[in-house]
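J.: Have a look at this one.
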There are 2 protein chains.
Amino acid sequence: MLTPSEVRAECRRGNLTTNSAGYAPGYAQANLVILPKEHAYDFLLFCQRNPKPCPLLEVSDVGCAEMKRTAPGSDIRTDLPKYRIYEHGQLTAEVTDIRDYWKDDFVTFLLGCSFSFEGALENAGLRVRHLEKKCNVPMYRTNIPCDPAGVFSGNLVVSMRPYKPADAIKAAMITGRYPNVHGSPVHMGSPADIGIADVNKPDYGDAVTIRDGEVPVFWACGVTPQAVLLASRPAFAITHAPGHMFVTDVPNESLACA
Amino acid sequence: MLTPSEVRAECRRGNLTTNSAGYAPGYAQANLVILPKEHAYDFLLFCQRNPKPCPLLEVSDVGCAEMKRTAPGSDIRTDLPKYRIYEHGQLTAEVTDIRDYWKDDFVTFLLGCSFSFEGALENAGLRVRHLEKKCNVPMYRTNIPCDPAGVFSGNLVVSMRPYKPADAIKAAMITGRYPNVHGSPVHMGSPADIGIADVNKPDYGDAVTIRDGEVPVFWACGVTPQAVLLASRPAFAITHAPGHMFVTDVPNESLACA
């Protein structure tokens, strides 16, 4: 098992370029958004207004590539397994190093990821269906509007995990202790209530079976800020490649509220 | 008892200009900071990085005087009992209406206030010494640096409430449930540990007695963002007058995390 800083060093050397699930277990992994300063205020305000889909773990100083608060000694330009480059909202490249793209006016946003709360669910004895099936979590666009901020607006994207009602309640309590990694669910029960036409046809990720006696439980999803960001077609943006997260030094358990 | 919107309406009519403690009990009152847009990014980032002293309840759109999220129908220019006007970090006026000062590039920040968690302490049967003495809470400058952001930096200011150790632990658990109103304490025990030379000589507010067997318990205080803001000498800023807060429609209990 590598430590978080060892994971980042291996990414930096180009030796780790795969999905980061399971890297440095017990430590928070983060969604990445890098934007020029001109868009940073609106995006920071969007995150402040929408903390469930956009829980901020760290916002860098302008042009600073070290994540001083959550990963001292890191270099955000090299320390992820894979990045995506977007120009005017269009994906233009997928790379393992962004040093050639870096500019001094970039601001880096790290956002909490559901890997952390899934660990808490498993530690409490609650199984996570898509992890058992070794597939991606199913994700859906909803009809729930986010609170807009400046140029950024759009609807909430949610992830879904099925549970029997008593376990769904337990899962709500457990994840509610982790507001910095999406917190408690936003809905449980009828998918139609939140604008999901067919729960077996997710908009992102893979479908999972909802067994007899189970209800689908929906959490705010970190795909939301990316979807909202790209819909506004910023001239330039960098994100992590899906599932290829930034591994921080922050223990998941330290994210729990009292 | 007036409702929050009735309190705001009475302020607007000029009929309420006193300390707001006890107005609309059960509803969150907020610290106010109004800044021109040019300083808003740095201040928003400072709050993101220092959530214990600077828990954001709402950040307005630029130039918008209605606090749409926490007090629909409000007008931030008239709905507080009293305001302070600062120019280049100096207090230049104390007024009950800021319509004459309002500019279209102003951004309003509402920050959580310890009135909310004191209600939770009292509801749990924990007495609050300064409330019993009908004086202000004692507040102290510490040697704990805030995480700086742009032009804003400075040390944490804390408030203090004395408790016997078992009650101090209980108070920590209770307030930890309210991260949006300063959350759990930052310290308990020796004042010298955090740079307080004499706990009987607070830097702000009034001294209270620490009885035999009690320890001082220190919470991050909403004076911190005001002190940090004014130390940077912004050309213009407006805050609430001490103790003369903005009354929101947000029930205190809704601020509790799971």
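The values are calculated or read from the model by the stated rules, or taken from the named source; none is laboratory data. It should be emphasised that the depicted structure is a prediction, and the values quoted were computed from it without experimental measurement. Glycine also receives a Cβ, built like all others from the backbone with ideal geometry; neighbour counts cover every protein chain displayed.
J.: Can you say whether B:LEU111 is in a strand (DSSP E or B), surrounded by 22 or more Cβ atoms within 10 Å (Cβ to Cβ) and either free of Cβ contacts under 8 Å to residues at least 12 places away in the same chain or within 14 Å of another protein chain (Cβ to nearest Cβ) (or both), as far as the supplied structure shows?
T.: Considered against the rule, which asks whether it is in a strand (DSSP E or B), surrounded by 22 or more Cβ atoms within 10 Å (Cβ to Cβ) and either free of Cβ contacts under 8 Å to residues at least 12 places away in the same chain or within 14 Å of another protein chain (Cβ to nearest Cβ) (or both), B:LEU111 comes out as yes.
J.: Here's a follow-up. Just a yes or no: is a residue in region A:188-204 hydroxyl-bearing (Ser, Thr, Tyr), free of Cβ contacts under 8 Å to residues at least 60 places away in the same chain, outside any strand (DSSP E or B) and out of contact with any Phe, Trp or Tyr (no Cβ under 7 Å at 6 or more places or on another chain)?
T.: There is at least one residue in region A:188-204 that is hydroxyl-bearing (Ser, Thr, Tyr), free of Cβ contacts under 8 Å to residues at least 60 places away in the same chain, outside any strand (DSSP E or B) and out of contact with any Phe, Trp or Tyr (no Cβ under 7 Å at 6 or more places or on another chain).
J.: From the list A:VAL158, A:VAL151, pick out the single residue that is at pLDDT below 95, of a type in the set (Val, Ile, Thr) and within 30 Å of B:VAL59 (Cα to Cα).
T.: After applying the criteria, what remains is A:VAL151.
J.: Go through (1) crowded, with 24+ Cβ neighbours inside 10 Å; (2) modelled with pLDDT of 90 or more; (3) of a type outside the set (Val, Ile, Thr) for A:HIS130 and report which single condition fails.
T.: Every condition holds for A:HIS130 apart from (1).
J.: Looking at A:VAL250, A:VAL228, which is the one that is outside any strand (DSSP E or B), hydrophobic (A, V, I, L, M, F, W, C) and surrounded by 20 or more Cβ atoms within 10 Å (Cβ to Cβ)?
T.: Going through A:VAL250, A:VAL228 in turn, the sole match is A:VAL228.
J.: Scan region B:53-78 for residues that are away from chain A (no Cβ under 12 Å), in a loop (DSSP other than H, G, I, E, B) and more than 23 Å from A:VAL151 (Cβ to Cβ) and jot them down.
T.: Hits for region B:53-78 are B:PRO53, B:PRO72, B:GLY73, B:SER74, B:ASP75, B:ILE76, B:ARG77, B:THR78.
J.: Among residues belonging to region A:1-44 that are outside any loop (DSSP other than H, G, I, E, B) and among the aromatic types (Phe, Trp, Tyr), point out the one that is surrounded by the most Cβ atoms within 10 Å (Cβ to Cβ).
T.: Across region A:1-44, the extreme among qualifying residues is A:PHE43.
J.: Could you grab me the full set of residues in region A:148-177 that are hydroxyl-bearing (Ser, Thr, Tyr) and at the interface with chain B (Cβ under 9 Å from one of its Cβ atoms)?
T.: A:THR175 - this is the single residue of region A:148-177 that is hydroxyl-bearing (Ser, Thr, Tyr) and at the interface with chain B (Cβ under 9 Å from one of its Cβ atoms).
J.: So which pairs qualify, if the first residue must be in region B:125-145 and hydroxyl-bearing (Ser, Thr, Tyr), the second must be in a loop (DSSP other than H, G, I, E, B), the Cβ gap must be under 6 Å, and the two must be at least 6 apart or on different chains?
T.: B:TYR140/B:ILE196; B:TYR140/B:PRO202; B:TYR140/B:ASP203; B:THR142/B:GLY195
J.: Now for a separate question. Within region B:3-45, track down each residue that is in contact with a Lys or Arg (Cβ under 9 Å, 6 or more places away or on another chain) and without any contact (Cβ under 8 Å) to a residue 24 or more places away in the chain.
T.: Answer for region B:3-45, where residues must be in contact with a Lys or Arg (Cβ under 9 Å, 6 or more places away or on another chain) and without any contact (Cβ under 8 Å) to a residue 24 or more places away in the chain: there is none.
J.: Look through region A:178-187, keep the residues that are in a helix (DSSP H, G or I) and touching a strand residue (DSSP E or B) at 6+ places or on another chain (Cβ under 8 Å), and return whichever of them is nearest to A:PRO138 (Cα to Cα).
T.: So, considering only residues that are in a helix (DSSP H, G or I) and touching a strand residue (DSSP E or B) at 6+ places or on another chain (Cβ under 8 Å), the one nearest to A:PRO138 (Cα to Cα) is A:VAL181.
J.: Just to be sure before I move on: is A:VAL217 over 15 Å from the mean Cα position of the chain (by Cα), crowded, with 23+ Cβ neighbours inside 10 Å and part of a strand (DSSP E or B) in the structure I sent?
T.: Against the criterion (over 15 Å from the mean Cα position of the chain (by Cα), crowded, with 23+ Cβ neighbours inside 10 Å and part of a strand (DSSP E or B)), A:VAL217 qualifies.
J.: Quickly run through region A:131-146 and pick out the residues that are touching a strand residue (DSSP E or B) at 6+ places or on another chain (Cβ under 8 Å) and within 23 Å of A:ALA256 (Cβ to Cβ).
T.: If the condition is that a residue be touching a strand residue (DSSP E or B) at 6+ places or on another chain (Cβ under 8 Å) and within 23 Å of A:ALA256 (Cβ to Cβ), then A:VAL137 is the only one that fits.
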